[in-house]
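The values are calculated or read from the model by the stated rules, or taken from the named source; none is laboratory data. No experiment lies behind these values; they were computed from the predicted model shown. Because the Cβ atoms are built from the backbone with ideal geometry, glycine has one as well, and the counts that use them run over all protein chains shown.
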Amino acid sequence: MRRGWFLPLFATLGFGFLYAPIVSLIVFSFNESRLVTVWGGFSTRWYGELISDGQLLEAAWVSLKIATISASLAVVIGTLAAFVLTRFARFRGKLLLTGMVTAPLVMPEVIIGLSLLLLFVAMEGMLGWPAGRGMTTVIIAHSTFCAAYVAVIAQSRLRDMDESLEEAARDLGAGPVRVFFDITLPVIAPALVSGWLLAFTLSLDDLVIASFVSGPGASTLPMVIFSKVRLGVSPDVNALATIIIGIVALAVTVAGILLMRQTRRAR
Amino acid sequence: MTSNPALAVNTRPWTDPNAQPFISIRNITKRFGDFTAVNDVSLDIYRSELFCLLGGSGCGKSTLLRMLSGFETPTSGKILIDGQDMAGVPADRRPTNMMFQSYALFPHMSVEKNVAYGLLREGKSKAEAAERAAEMLKLVKLDSFARRKPHQLSGGQRQRVALARALAKQPKVLLLDEPLGALDKKLREETQFELINIQETLGVTFIVVTHDQDEAMTLATRIGVMTDGVIAQIGEPREIYETPKSRFVADFIGSVNLFEGRVGPAAPDLMRVETEDLGSVSVPSAPGLTQGQTVWLAMRPERVWLTREPKPGAVNSVPGVVMDMGYVGHMSSYMVRLANGRQVRVTQANESRRDNPISWDESVHVSFEPGDFRVLTQ
């Protein structure tokens, strides 16, 4: 079949629409000029300046810590939720629970952020914990919505998995807990790794929820960038954004490859 | 096989009324909601038997197997294995092991790790488990594949790993769910005999679930034919084939011609049955039949005589025309239409090359030995 001219055209337009802003950002991060919109020649000057910016580095470090911890927590919570939803026979409220697990995927971030903020304030008043808002509250908030993403990934993998593998292990004398760690976990591990990477990038990217639940001394990287940009876009932000795009692209690619390889092997 | 230890004792314990069954299934029922998968099944299986549960899909054979392994809990009834009640015993504590239809080999473990898994779970040391695993792999002739992962094996090799893994713990009972179902025809026939050899070598009691009647006939010491959650008949392969108890069993195992008729006047040896298709035929008299009762006469296609001239001295003979014929090599099968339009299936062994075989549209005579009829009341 002849391809025609319109498919390549639409593909170009579509990808252009999606990626032109990002490409221009990357290009301008190598701009010599201080003026963001005027090309002044190639330079890596802003990357150098970035390294000496204590506030940004501090925020990057906070963000990395939060992303690592909340991605790990999200994997644990999400996997357990997925296991319950796929392996337990029908129980009362299973459908409701299934819906609720995936709700954070479609819930507006503003609402999640606000509701968590209210919860933390109320909890502090009643239980005295968490005392004030800071890294802990951001980690809790991020684990919550990232767990939903992990649950969705883990659920589909658990559903694809041949259940007779678990039965075979039971049959050979392993108790239910043993079966989970010996068989289920290794078999779904690649899905969990890609779930972790996805949760990590989501946490790293998040601005809205973090703005609601964060407190002094726990400004994440997106928060710092956002406040910087409000005073005018400086070229070092472009450099920083380029680095972040690089990290995120790498994580998403690795996650995608892992998932793809696993589906292929399952067949 | 050099020796068969089972031969020294009675190899057909089910014929001995005093024999102690090894597995006793007592009035087992399993319901899933409104659906009754297994309905009040009772069954005795003896030590070192190779018992086949045979039936179509959804007949309850797999559910029965899963209740033996402990993956399903019976709604009511009792299962005893070697005198021990299995109620409340979870799958991981039962003296049974199962070979799954999908083989269920652990994809992240090597072949030897797969085989050793059960041994490690029962507390054997690593060295002990490895030694026993190697022994089992030797038994199934896969000792050179120990380090491979399951996805690097062919279907037949995977099947043997699954068998080795299930046998490694020396279970009292091995449950096999369609063990040869995923293999192609030729490999399946070879593997059947290998399976029998292994079973006889180890003396383990095998319970095989299958939908393939040839497989059941080849493998089994006894067959339990299942339909709609009940066992229609239990017996040795020959018994099931030669003396089916019902039309269902006669039809399910092999092919059969069934003729409906009414019992005529009683006679000492032979009795008459009035049929629409064959007229009045002589069959061996069976006890418990009353005159006028509806019965069905079952006749295997290979027992029918097919001749051009009336067979001299034949008691039951009717004319017909060959409608269809299929040459299969070692035999030919015919469809013969009788005067009333009824078609009779006949198979004839092709024993000679010189024959002038009966062919399409020929007028023939179909005759039946009285003793080859099986009189069925249900």
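Taking the listed residues B:Pro268, B:Pro310, B:Pro287, B:Pro319, the one that is farther than 30 Å from B:Cys59 by Cα and free of Cβ contacts under 8 Å to residues at least 12 places away in the same chain is B:Pro287, with no other qualifying. Among the residues in segment A:106-125, are any within 21 Å of A:Ala81 (Cα to Cα), under 23 Å from the mean Cα position of the chain (by Cα) and surrounded by 18 or more Cβ atoms within 10 Å (Cβ to Cβ)? Checking segment A:106-125: at least one residue is within 21 Å of A:Ala81 (Cα to Cα), under 23 Å from the mean Cα position of the chain (by Cα) and surrounded by 18 or more Cβ atoms within 10 Å (Cβ to Cβ). In the set (1) assigned to a helix (DSSP H, G or I); (2) at pLDDT below 90, A:Arg159 fails one condition alone, (2). In a residue-by-residue description of segment A:170-188, the property of being modelled with pLDDT under 90 and not in a loop (DSSP other than H, G, I, E, B) applies to no position. Counted as qualifying within segment B:46-139 are the strands (runs of 3 or more DSSP E) with 2 or more residues that are within 11 Å of chain A (Cβ to nearest Cβ) and either touching a Leu at 6+ places or on another chain (Cβ under 8 Å) or among the small types (Gly, Ala, Ser) (or both), namely B:96-99. Show the residue pairs that are 6+ apart or on different chains and have beta-carbon atoms under 7 Å apart, the first residue being within segment A:28-48 and of a type in the set (Ser, Thr, Tyr), the second being in a loop (DSSP other than H, G, I, E, B). Note: pairs meeting the criteria are A:Ser33/A:Trp39; A:Ser33/A:Gly40; A:Ser43/A:Phe30; A:Ser43/A:Glu32; A:Thr44/A:Phe30. With respect to the stated conditions, B:Lys169 fails to be outside any helix (DSSP H, G or I), free of Cβ contacts under 8 Å to residues at least 60 places away in the same chain, within 12 Å of another protein chain (Cβ to nearest Cβ) and farther than 22 Å from A:Asp162 by Cα.
Here B:Phe35 clears all of (1) under 22 Å from the mean Cα position of the chain (by Cα); (2) within 19 Å of B:Pro74 (Cα to Cα); (3) not β-branched (Val, Ile, Thr) except the condition numbered (1).
In segment B:263-274, is there at least one residue being closer than 28 Å to B:Met335 by Cβ and within 27 Å of the chain's Cα centre (by Cα)? No, that holds for no residue.
Within segment A:252-261, the presence of at least one residue that is farther than 28 Å from A:Lys65 by Cα and either at pLDDT 90 or above or within 14 Å of another protein chain (Cβ to nearest Cβ) (or both) is confirmed. Determine if segment A:12-23 includes at least one residue that is outside any helix (DSSP H, G or I) and either at negative phi or loosely packed, with under 13 Cβ neighbours inside 10 Å (or both). The answer is no, given that none of the residues of segment A:12-23 is outside any helix (DSSP H, G or I) and either at negative phi or loosely packed, with under 13 Cβ neighbours inside 10 Å (or both). When the criteria are applied in full, B:Ala216 fails the requirement of being crowded, with 24+ Cβ neighbours inside 10 Å and at pLDDT 95 or above.
Applying the criterion of being among the hydrophobic types (A, V, I, L, M, F, W, C) and farther than 18 Å from A:Val23 by Cβ to the residues of segment A:37-54, the residue that is surrounded by the most Cβ atoms within 10 Å (Cβ to Cβ) is A:Leu50. Going by what's in this entry, would A:Gly215 be described as in contact (Cβ under 8 Å) with a residue 24 or more places away in the chain, more than 13 Å from chain B (Cβ to nearest Cβ), outside any helix (DSSP H, G or I) and not aromatic (Phe, Trp, Tyr)? Judged against the criteria, A:Gly215 is a match. Here B:Asp85 passes the criteria (1) surrounded by 15 or more Cβ atoms within 10 Å (Cβ to Cβ); (2) over 25 Å from B:Thr201 (Cα atoms); (3) charged (D, E, K, R) except the one numbered (1). Would you please name the residue that is nearest to B:Gly279 (Cα to Cα), looking only at residues in segment B:302-346 that are among the charged types (D, E, K, R) and assigned to a loop (DSSP other than H, G, I, E, B)? Looking at residues that are among the charged types (D, E, K, R) and assigned to a loop (DSSP other than H, G, I, E, B), I get B:Arg342.
Surrounded by fewer than 16 Cβ atoms within 10 Å (Cβ to Cβ), assigned to a helix (DSSP H, G or I) and away from chain B (no Cβ under 13 Å) - does that describe any residue in segment A:131-154? No.
B:Asp277 meets each of the listed conditions (1) closer than 13 Å to B:Val375 by Cα; (2) in contact (Cβ under 8 Å) with a residue 60 or more places away in the chain; (3) surrounded by fewer than 20 Cβ atoms within 10 Å (Cβ to Cβ) apart from (1). Restricted to segment A:162-204, and to residues there that are aromatic (Phe, Trp, Tyr) and under 22 Å from A:Leu64 (Cα atoms), the residue that is farthest from the other protein chains (Cβ to nearest Cβ) is A:Phe200. The residues on offer are B:Val115, B:Val208, and the sole one that is at pLDDT 95 or above, crowded, with 21+ Cβ neighbours inside 10 Å and farther than 30 Å from B:Val38 by Cα is B:Val115. Only a single item in (1) farther than 30 Å from A:Arg159 by Cα; (2) of a type outside the set (A, V, I, L, M, F, W, C); (3) more than 19 Å from the chain's Cα centre (by Cα) is not met by A:Lys94, and it is number (1). Flag not set for B:Ile223, criterion: surrounded by 18 or more Cβ atoms within 10 Å (Cβ to Cβ), in contact with a strand residue (DSSP E or B) (Cβ under 6 Å, 6 or more places away or on another chain) and closer than 24 Å to B:Phe35 by Cβ.
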